[in-house]
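Colleague: Below is a structure I'd like to ask you about.
The values are calculated or read from the model by the stated rules, or taken from the named source; none is laboratory data. Only a predicted model underlies this, so the values are computations on that prediction, with no experimental measurement involved. Note that we place each Cβ from the backbone using ideal geometry, even for glycine, and neighbour counts take in every protein chain shown. Just so you know, the surface numbers come from the protein's heavy atoms only, side chains and all, with ligands and any DNA or RNA stripped out. Shrake-Rupley method; radii C 1.70, N 1.55, O 1.52, S 1.80 Å.
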Amino acid sequence: MSNHFPEPMHKAPPPVHSHRWKIAFVLIVLAAIGIWGIGSRLEAASRLHKQTNDEAIPTVAVITAPSSPAEEEVVLPGNVQAWHEAPIYARTNGYLKNWTSDIGARVKAGDVLAQIETPEIDAQLHQAEADLSTAEANNSLAQSTAQRWMALLKTNSVSKQETDEKIGDATAKEALVASARANLDRLHQLESFKRVTAPFDGTITARNTDTGALINAGSDGTGKELFHIAKTDLLRVYIQVPENYTQAITPDMKADLHFTEYPQRSFTATLVHTADAIDPVTRTLLVQLEVDNSDGALLSGSYAEVHLKVPSGAGSVHLPVNTLLFRTQGLQVATVTDGKARLKTITIGRDYGKEVEVTSGVTAGEAIIVNPPDSIADGQDVRVASPDQKQED
């Protein structure tokens, strides 16, 4: 028996067009994937470019330029002083015998404030009285002698020379009487100065002496101020008005005074005088106001806030200082028109600290950029922040 194995069967090779179709399919898939990848990359690049351009446009906050009110209030520091104020010195030397008025005392003109003992003046007065009596006696004798010699001259009993001598002696004795009387009057005046009196109605604000103190006359540095008196029923208030407000200062204009000790009360003052000249150092005008103080509520030497109502500039606007740009072209602000920044040169009027008055360059209602970047340029695209974004900022 012989072994016989069947011959293996061979498959027929696949058709050529089947391989080509598979290769084409793979190529199509790869091409589609490539196109999709390129497209997505282009789209991402486009989005990135758009995002970059959008982020390059600055977002700005704006305010609407308000028009100035018809009048505005200016607050200035005021110095309150008494209507009349004077130091009182002694006019004679001596010792203080007593004083009758202390600080806070209200006195009338002529009231005695103190009395001075003047022993030296008293002695000089007695001597002057004696000198006057002697001079009068000598003058009486000289006058009678001159009359007798003139009578004897008529009968040629005496010489003309002797008569002239007697007449001259009588004239000299008469002059000595006048001199002695003048000296006595002077000492009487010094005696009257023993009584220190008030020069006007007012309040004693200082007493710088006491009983027994040595008193020297005069205010030239050798004498000491005894009392200080002030008339406070009417007060003066001095303010320094900046130069740019001087044209608004008018005669009899009113002002409101505010004091820290009266937070719920204001006092009305009236303008009475101005210096009518600008101080070249401070560039201000000195203005004097007066305020009635008949109730004694206000104290001289106080500090007051003076509120003045002055007219605003016509057509001007008020802008905060954080809208200003300092450029070589001058002071500018940035406005927004149709999504673009527009730089405008402005003219400043009054400076209020946090705000400034703009007299030209912008008008009320324009959109003004707040805190503009230093790099902002005219015509640059800008995006206006929404109200929510402003609040977040």
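Colleague: Leaving out ligands, DNA and RNA, what percent of the accessible area of region 276-362 is carbon and sulfur, probe 1.4 Å?
Modeller: With neighbouring chains kept in place, the figure for region 276-362 is 52 percent.
Colleague: Residue by residue through region 168-185, what is 3J(HN,Hα) from phi via Karplus (6.51 cos²θ - 1.76 cosθ + 1.60, θ = phi - 60°)? Round to whole Hz and write x for glycine and proline.
Modeller: x, 5, 5, 5, 5, 5, 5, 5, 5, 5, 4, 5, 5, 5, 5, 5, 5, 5
Colleague: Ranked by accessible surface with a 1.4 Å probe, highest first, in what order do Glu85, Glu191 come?
Modeller: Correct descending sequence by accessible area is Glu85, Glu191.
Colleague: Setting aside same-chain residues fewer than 8 positions from Lys22, which lysines have a Cα under 21 Å from its Cα?
Modeller: Lys11
Colleague: Based solely on its DSSP helices, what 222 nm [θ] is calculated for the chain when runs of n ≥ 4 H residues each add -39,500 (n - 2.57) and the sum is averaged over all residues, nearest 500 deg cm²/dmol?
Modeller: For the chain, the value works out to -10500 deg cm²/dmol.
Colleague: Okay, moving on. Any idea what angle helix 16-56 forms with the longest principal axis of the chain, computed on alpha-carbon atoms, 0 to 90 degrees, nearest 10?
Modeller: The angle comes out at about 10 degrees.
Colleague: Can you give me the distance in nm between label points at Ala182 and Arg195, each placed 7 Å from the Cα along the Cα-to-Cβ direction?
Modeller: 2.7 nm
Colleague: Projected onto the charge dipole of region 246-356 (+1 at Lys/Arg Cβ, -1 at Asp/Glu Cβ, origin at the Cα centre), which of Ala297, Pro263, Leu324 gives the Cα projection farthest towards the positive end?
Modeller: About the Cα centre, the residue reaching furthest to the positive side is Leu324.
Colleague: Also, quick follow-up: On a full-extension model of 0.36 nm per residue, what is the gain between Asp378 and Glu73, subtracting their alpha-carbon distance, rounded to one decimal in nm?
Modeller: Additional length available on full extension: 106.2 nm.
Colleague: With point charges of +1 on the Cβ of Lys and Arg and -1 on the Cβ of Asp and Glu, referenced to the Cα centre of the chain, which listed residue (Ala82, Gly110, Ala31) lies farthest in the positive direction of the dipole?
Modeller: The residue sitting farthest along the positive end of the dipole is Ala31.
Colleague: How much length would be gained if the chain were fully extended between Asp252 and Thr347, taking 0.36 nm per residue of separation minus their Cα-Cα distance, in nm to one decimal?
Modeller: Result for the pair: 31.0 nm of gain on full extension.
Colleague: Only Lys, Arg, Asp and Glu count, each charged at its Cβ (+1, +1, -1, -1), so figure out the dipole size of the chain about its Cα centre, rounded to 20 debye.
Modeller: 1660 debye
Colleague: Along Cα→Cβ, 7 Å out, is where each label goes; now give me the distance between the ones at Ser159 and Ala297 in nm to one decimal.
Modeller: 9.1 nm
Colleague: Now for a separate question. What list of ³J(HN,Hα) values in whole Hz, one per residue of region 103-113 in order, does the Karplus curve 6.51 cos²θ - 1.76 cosθ + 1.60 (θ = phi - 60°) give from phi, with Gly and Pro shown as x?
Modeller: After applying 6.51 cos²θ - 1.76 cosθ + 1.60, I find 4, x, 6, 8, 10, 9, 4, x, 5, 6, 9 Hz.
Colleague: Here is a further query. Could you compute the net charge surrounding Asp378? Neighbours are other residues with a C-beta less than 13 Å from the C-beta of Asp378; K and R count +1, D and E count -1.
Modeller: +3
Colleague: Show which lysines lie in cross-link reach of Lys254 when reach means a straight Cα distance below 18 angstrom and same-chain residues fewer than eight apart are skipped.
Modeller: Of all the lysines, those that pass the test against Lys254 - Cα under 18 Å, at least 8 places apart if same chain - are Lys309.
Colleague: Could I ask something else about it? Skip the ligands, DNA and RNA, and give the accessible area per residue of region 267-393 with a 1.4 Å probe, whole Å².
Modeller: Per-residue accessible area for region 267-393 comes out at 54 Å².
Colleague: Also, quick follow-up: Using +1 on the beta carbon of Lys and Arg, -1 on that of Asp and Glu, and nothing else charged, what's the dipole of region 65-116 about the Cα centre, debye to 20?
Modeller: Dipole about the Cα centre, nearest 20: 620 debye.
Colleague: Roll a 1.4 angstrom probe over the protein heavy atoms and tell me the percent of accessible area of region 74-125 that is carbon or sulfur.
Modeller: Ligands and nucleic acids excluded, carbon and sulfur reach 49 percent.
Colleague: Does anyone have the angle between helix 119-154 and the longest principal axis of the chain? Alpha-carbon axes, 0 to 90°, nearest 10?
Modeller: 50 degrees
Colleague: For region 272-354, state which trypsin sites (Lys or Arg not before Pro) are in a DSSP loop and have at most 12 other beta carbons lying within 10 Å of their beta carbon.
Modeller: In loop regions of region 272-354 (DSSP not H, G, I, E or B), the sparsely surrounded trypsin sites (Lys or Arg not before Pro) are Arg283, Lys354.
Colleague: Now for a separate question. Given Val60, Leu308, Ala275, which one lies farthest toward the positive end of the charge dipole of the chain, if we put +1 on the Cβ of every Lys and Arg and -1 on the Cβ of every Asp and Glu?
Modeller: Checking the options against the dipole of the chain, the answer is Val60.
Colleague: Pull up all non-local amide H partners of Ala61: gap of 5 or more, or a different chain, and H-to-H distance under 5 Å with H placed in the peptide plane.
Modeller: Val370, Ala385
Colleague: Rounded if a/c is under 1.5, else prolate if a/b beats b/c, else oblate: with a ≥ b ≥ c from the C-alpha gyration tensor eigenvalues square-rooted, which is region 64-167?
Modeller: Oblate, since a/c reaches 1.5 and b/c is not below a/b.
Colleague: In whole Hz, what ³J(HN,Hα) sequence does region 76-93 give by Karplus (6.51, -1.76, 1.60; θ = phi - 60°), x for Gly and Pro?
Modeller: In residue order, the calculated couplings are 10, x, x, 10, 8, 9, 5, 5, 10, 8, 8, x, 10, 10, 7, 9, 8, 8 Hz.
Colleague: Quick one: which residues, 5 or more positions from Lys231 or on another chain, have an amide H under 5 Å from its amide H? H modelled 1.01 Å from N in the peptide plane, none for Pro or chain starts.
Modeller: Amide H to amide H, under 5 Å and 5 or more residues apart or across chains, Lys231 pairs with Trp83, His84, Glu85, Thr203.
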